[in-house]
Structure formats: structure tokens, C-alpha cells
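> There's a structure below that I have some questions on.
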Amino acid sequence: MEISRRDLIRNTIAAGGLAAAATALPGVIRPAAAAALPKTGTVASTFATGTPNAKGYAPVITVAGEAHTTRTELGVLADAGRATTRQGLLAFAQLSDIHIVDAQSPLRVEWTDRFDDPSPLPAIGLFTSSYRPQEMLSGQIADSMVRAINRIAKGPVTGQSLALAIQTGDNSDNSQLNEIRWNIGVLNGGTVRVDSGNLSTWEGVADSSGATYDTAYWHPHGNPLGKPVDRPRKEYGFPVVPGLLDAARRPFAAEGLDIPWYSVFGNHDGLVQGNFPTSTLQLNLLALGALKIVSPPTGLHPAEVLDDLMTDPAAFLQGLLGLGILNPGVRLVTPDLDRRLLTRKEVVEQHFLLGGAPFGHGFTDANRATGTAYYHFDRGAFRFVVLDTVNPNGYADGSLDQTQFAWLSGLLAQSTDKVVMVFSHHTSDTMGNPLVATGGDLEQRVTGGTVLTKLLEHPQVVAWINGHTHTNTITPRPRTGGGGLWEITTASHIDWPQQARIIEIADNGDGTLSIFTTMVDHAGPASAGAGTADAQQLAGLARELSANDWHDHSGGGGTPKDRNVELLVANPLA
């Protein structure tokens, strides 16, 4: 759930087919063989939504890919014949907003999602990420993306072997130990089981338990006897998928990346639901507890829910649970110690404890000792600068502390002999969170505009690469006097279109560099192959479910100029 100070202010001011793959039983899916994965990312082919059924539910179909479009908004021009003379220097993969979800956790607040369901009433607009019909398949999506990147192996433009991958935050969904470990396990490879609590049955909002059945959620196994059909099936044409919940909990063999991978800290990795400090003892007790809210009590007003969650989420949730028999929407779940909330230092430590290459996945001994999450590393002439933009005091938007900003300023001053790329979870436009802790560190925090100004002071910085918005966006950031850097924002794994990005850098030999970006679809099949037999079929189903989420996330793919592009920039070392 994304609830930001910026969105809160904005809303306050404003207030002044699976059908195509069906068998004889309508809405029940059947598996089919997956198509071969293209080695060129989305240049050869990609996915789109097809013709929807009568209720609007659309299959996912394979369509023609996209060629690279050249962008010159920074005023940098290159030789017309550069394609025959350029030299590839570096290629790597960016994954962002993977959001590995413990969909059975008592601490999740799926029930707030209904406050933004389509209706004649104005939506709050802040609860649409608290529940997604595909969220129980987040581990399979991540594994399928790993498989796609492994198959591509080389930059589709330069042919350079992929040197590394970097995940730019929100690697987990709720800063829980099990989610962090599932994320690392998928990228490292090995057996992964995205399951918690009672390992013999599903305990969450998606099952068909008659006692707490709620029509606001999609129930893939259908409605219990005597209960009405849920809204996603009745109003939006969602299918019945027998056995899905057991298939989602099934262990699978994660392939693991063939290349070293690095990690960036995101607000969902450091804050409960991406908004609330993990240091709150009461929230941790709720995560470890045996009671899960499935349905809110009647009479709650969305604006009051929002205010109570932002003021004291633990007290508010405990109050709802304390209603006991007066709220039949509370269910018993099996407690699980692996759901405990992690501090930033503990998240960093997990990257060392679980192994994989490189050791610590970018985090340093200093990060390990002090609980910080910013660092840098070099690959030849390239310097990767990783920021921690999470404000530990709360809210989804980010900022930097003064110590980190001083570190960044000093590092940039020492990097004149490198081509610098900066990585963070937040974009410059979503780093507007100045919140400081009451009774804690009262130093003013550094927001995105100041960070961008600092980066633009150094011509060796050619790109700022991030995520957070779940949307593909590439924005030119010009420098006074000419040139500038490109801010490259990549969409999420959890929402449509579930893409990652390959980034390549080439020397054009004329004083310019070309930064090529190519979108990557994960290895899950289109609708004709969606099923439950293995992790890839489940990932294909998840992509289709994300395309049909009634809270419209359809803009996540961005425009063609935000996807497969050539970005021209001055070569700072020329």
C-alpha cells in the first residue's frame, strides 16, 4: 500500500483471455506449451492485452516488438554512422519493485483496497496497492524474470555479455524476514517455497473459507456453497482456477541469476507496507500473531481509516482486532516467527548470511556494522553509486540524511576519472519526504531536487536509475550550459506489464556515449499457455491477472520513448 505525504496533501486539496483458453467449463483454464524466449528482450516481440470478454477481462497476447528510438533532448548529437563504429563498453540488467509478498501475513491490510474500488463515489486513490489478485505469485514472477535475463545473456544492441544485475528496491513487500529471504533465494537460485504459517493449507483472503469469505477479493477456487460469486468474477470476468492456491505455495526450483547481482534498499524493504517504521514493537507483534483482518467492520469511513493508519497504525489495527466477535471479518491464522519485521541492519545482514555473488550483494562491511545501505563499486571505467533513499521515519516518499548526502558529495568530487551512474529506489520527484523523528535526529533531510542539483554539478554523472513508481519513464535532466543526465525509471514485477530493463553503454567514438535501454518480459507464457503446472505457467497467469486488475495499473508500461531507446549523452572521459 502506497500512502505518501505528497499524495495525502494532494488528495486533501482535491477534496475541497483466459476466456480464449477456456475448456468446456467456462472460466476454467487449461495449460499449453510456452513459446521460446526471445534473446533480444522486447525488440522481437512483447505482450499486450487482447480482446476482452463481455465483462472486460482480457487475455494477454504476443505482439510485435519495438525497435530502439533515439532521444536527443539533452542537446547531444552523434555521428550518423555511429552504428557501424561504436564500441560496446558495458551491459547490465535492472530489476525493480519485485515485491515478494507473504500474502498470508496478518500484518497486510488487503481490506483497505475496497475503499478505492470503482464506484460512483470519489476514490481515496491511496489504497490500490494494498491488494492485488496476482500477489500470491510474486515469487514465480521473479524466477521467470531471472530465467528471461539468463537467456538473453548479452546486450541486444552491443552484444556485450551482461556484467551484473541490480534490483532497485522494494525487493520485498512488507520488510518481513521470510520475504527478504525469498527474494534473495530466487536471485541466488535453489528451492524456494513462498508459503508461511500453516504449510498444509492457505490462510489468507483468497481462499474459499465460508466463515470469512468476502466478495471483495478474487477467490480462484470459486465461491463456497451458499455464498455469492465474488465481485472480480461477477463484475470483471475473472476466471476460476482450480488448485491455484496450493500451486502458489508449492516449492519450486529457482534458476538463480547467472551473473552477480546487487541490491538497493526500498521503502517496502524498510517500512511496514512501505509506510510505517518497522521498529514499532506493536506492529511486529501483529505480524507474529494469530489474527488476520479479512473484512473491515461496517461503518468505517475511508478518510478516517486513512487518518488513523497514518497517525498510529498499530493502535488502529489492534483496535479492529479487539472488536473480536463484533467483527466476523477477523480469522485465525497460524503464527510464524519468520514473519518478524527486520531493521535495515538486519536486511543488510541477510544478504551476507545467504551467500551468492558478490558476497553481500554490494553491501559493505561498513554497511553491515553501522546498518547503512549506501555504497559504491566500480566496473572498469564505470562507477555505480547506490543510494538509500528510504526515510526511516515513515511515509512512502523518500529523502537522504545529511551524512549520506555529504558522502555522496565527497564521492562525486573524487570520481572525475569515472563514468558515474547513480542508483536508488525513489525517483527525484518522489523524494519529497522531510519527516524527522520526534525526539530523534532532527537534522533536516535532503530531498530530490537538491540531490539532482548535486548530480548535475558533476558532468561525469550520465544516468540516475531507479524505480518506485511502477512505471517505465525516462526523463532528460539538462545541465545549465548544455548536456545533462538521463533519469531512467523502470516498472515493477508486481504490476502490469511486469518488466525489467537491460541497459547498455556504447562509445560512439565522437565524444558521445549511447545508453541503450531494452525492456524485458519475464519467461511466463501468454494466456494460451497460462496454467498451474510449474512456476513459469504461474508467472504467465500472474501477468494476465495484473493486466486485469480492476484498479487500473495499465499505464505502467509507459510510452515507446520510455522503453526501447537510445539515449545520447556526452562522454565525460572523452
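> Keeping every protein chain present and rolling a 1.4 Å probe, give me the accessible area per residue for the chain in Å².
35
> If every alpha-carbon in the chain counts as one equal scatterer, what log10 I(q)/I(0) does Debye give at q = 0.06, 0.11, 0.12 1/Å?
-0.28, -0.99, -1.18
> Per DSSP helix of 4 or more residues, -39500 (n - 2.57); summed, then divided by the residues of the chain. What does that give at 222 nm, rounded to the nearest 500?
-6500 deg cm²/dmol
> Now, a different point. For region 279-365, what D do you get in µm² per second when you plug the Kirkwood radius from alpha-carbon pairs into Stokes-Einstein at 4 °C and 1.567 mPa s?
Here the translational diffusion coefficient equals 84 µm²/s.
> Using modelled amide H (1.01 Å from N, peptide plane; none on Pro or chain starts), what sits under 5 Å from the amide H of residue 43, excluding residues fewer than 5 places away?
66
> Okay, moving on. Can you give me the long-range amide H partners of residue 461? Hydrogens built in the peptide plane at 1.01 Å from N, cutoff under 5 Å, separation of 5 or more residues or another chain.
It is 420, by chain and number.
> On each of the three principal axes of the Cα atoms of region 421-530, give max minus min coordinate, whole Å, ordered largest first.
Here the Cα extents, ordered largest to smallest, are 56, 47, 15 Å.
> May I ask you to give the percent of accessible area on region 142-206 that is carbon plus sulfur, with a probe radius of 1.4 Å?
For region 142-206, the apolar C and S fraction of the accessible surface comes to 40 percent.
> Got a number for the accessible area of residue 73? Probe 1.4 Å, square angstrom, nearest 10.
Accessible area of residue 73: about 90 Å².
> Search the structure for amide H atoms under 5 Å from the amide H of residue 564, placed 1.01 Å from N in the peptide plane, and list their residues when 5 or more places away or on another chain.
It is 519, by chain and number.
> Over region 226-363, with every protein chain in place, what whole percent of the accessible area is carbon and sulfur at 1.4 Å, could you tell me?
For region 226-363, the apolar C and S fraction of the accessible surface comes to 60 percent.
> Mind running the shape call on region 354-464? Use the C-alpha gyration tensor, a ≥ b ≥ c as the square roots of the eigenvalues: rounded below 1.5 for a/c, prolate if a/b tops b/c, oblate otherwise.
The shape class here is oblate.
> Given the Cα-Cα distance of residue 83 and residue 282 and 0.36 nm per residue of separation, how much length would full extension add, in nm?
Net length gain for the segment: 65.8 nm.
> Same structure again: Report, ordered by chain and residue number, the aspartates and glutamates lying within cross-link reach of residue 39, taken as a straight Cα distance under 18 Å and ignoring same-chain residues fewer than 8 apart.
66, 143, 255, 258, 504, 521
> A follow-up question, please. Looking at the chain, send over the antiparallel percent of its DSSP beta bridges, to the nearest 5.
Here the antiparallel bridges make up roughly 65 percent for the chain.
> So what's the gap between the Cα centers of region 166-213 and region 91-119, to the nearest angstrom?
A separation of 11 Å, based on Cα centres.
> Given 0.36 nm per residue, what is the gain on full extension from residue 151 to residue 300 after removing their alpha carbon distance, in nm?
Roughly 48.7 nm would be gained on extension.
> Rounded to the nearest 10 Å², what accessible area does residue 55 have for a 1.4 Å probe in the complete protein model?
100
The values are calculated or read from the model by the stated rules, or taken from the named source; none is laboratory data. Note that the structure is a prediction, hence the values are computed from the model and not measured. Surface areas here come from the heavy atoms of the whole protein model, side chains and all, with no ligands, DNA or RNA. Shrake-Rupley method; radii C 1.70, N 1.55, O 1.52, S 1.80 Å.
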